[in-house]
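Below is one structure, written out as structure tokens; the observations come after it.
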Amino acid sequence: MIVILCEVPASGKSRVAKGLCRRLEEMDLDYELFASDEVSRKVYERVFRFLRDNVGRVENLVVDATFYKKKWREEVREIAGEDGEDLLTVHLHCSLETSLKRNDRRKEEYRVSERAIHIIYRELEKPDNPGLEFDTDETDPEVVVDMVVEKLT
């Protein structure tokens with residue numbers, strides 16, 4: 001199963017991704033994580049290579065990236081397979097104000113420029129039919145993790 005966590009920076013994707021991976025490990029389930037915070041260039045080329053290299057080899061692939069362009073999510077769908085059965089899109093949205101506040105609290109090496117957040121927020125092409133959707137202004141990350149695990153098991 002491929003799980004993509006998408007939305008603007010500082011919407012809670014990394015917290016959910018880390019919580020999900022921790023839970024998968026506790027359940028002794030196979031997983032690999034790709035965190036876009038760890039790369040600075042050619043993020044989506046690297047995401048797609050990660051997925052192609054690991055589909056069929058690793059049971060659960062978790063990808064933490066904005067995926068704010070529909071074409072990137074469609075590429076993941078192609079990698080996952082025609083029927084989309086092996087893809088779970090988790091849309092974690094929050095207000096622009098929340099994103100900016102959370103971003104300010106990040107460690108400097110993970111902080112995104114305010115300008116970039118505004119651009120991504122404005123250009124975001126929301127997923128049409130996400131498997132799960134949460135407003136992270138209102139929903140605790142552990143609740144999100146619980147719901148994702150429920151979908152996976």
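For the reader, a short list of remarks on this structure follows.
- Only protein heavy atoms count here; under a 1.4 Å probe, Lys126 has an accessible surface of about 120 Å².
- Computed over neighbours whose Cβ is under 12 Å from that of Val16, the net charge equals 0, Lys and Arg +1, Asp and Glu -1.
- Carbon + sulfur, % of accessible area of the range 2-152 - ligands and nucleic acids excluded, 1.4 Å: 42 percent
- Surface per residue (accessible, 1.4 Å probe) for the range 1-116, Å²: 56 Å²
- Relative contact order (%) - criterion: Cα under 8 Å, at least six apart; region: the range 2-152: 37 percent
- Convex hull volume of the C-alpha atoms in the range 1-128, normalised per residue: 105 Å³.
- Around the amide H of Leu29, modelled in the peptide plane, lies no amide H under 5 Å away from a residue 5 or more places distant or on another chain.
The values are calculated or read from the model by the stated rules, or taken from the named source; none is laboratory data. All values reported here derive from a predicted model rather than from experimental measurement. In this analysis, Cβ positions are derived from the backbone assuming ideal geometry, glycine residues included, and neighbour counts consider all displayed protein chains. What goes into the accessible areas is simple: the full protein's heavy atoms, side chains included, and nothing from ligands, DNA or RNA. Shrake-Rupley method; radii C 1.70, N 1.55, O 1.52, S 1.80 Å.
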